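Notes follow the structure.
The values are calculated or read from the model by the stated rules, or taken from the named source; none is laboratory data. Quantities reported herein were computed from a predicted structural model and do not represent experimental measurements. In this analysis, Cβ positions are derived from the backbone assuming ideal geometry, glycine residues included, and neighbour counts consider all displayed protein chains. Accessible surface areas use protein heavy atoms only, side chains included; no ligands, DNA or RNA. Shrake-Rupley method; radii C 1.70, N 1.55, O 1.52, S 1.80 Å.
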Amino acid sequence: MKETKKHQTKKWEISIMEIEDKEGRKYKVTRRLPEMSVAETKIFSSKEKAIMQFNDWLK
């Protein structure tokens, strides 16, 4: 699962990705400002919390 969207008024690109390793599933939410090579990433063990962060950054 990977989804990327752009913020409506800001130039952030926001993505959510599901990662599975030996410890289980984790969800990575990243917002990136490509023009300035800046990114912020948060990792969650809960899909619901990851989706909440994704939606919060889209606001």
Review point. Are any of the residues in the stretch 19-28 hydrophobic (A, V, I, L, M, F, W, C) and either exposed (fewer than 11 other Cβ atoms within 10 Å of the Cβ) or modelled with pLDDT under 95 (or both)?
Key: no
Revision key, fill the gap. The one condition R31 fails out of (1) at pLDDT 90 or above; (2) open to solvent by 60 Å² or more (accessible area, probe 1.4 Å) is (2)
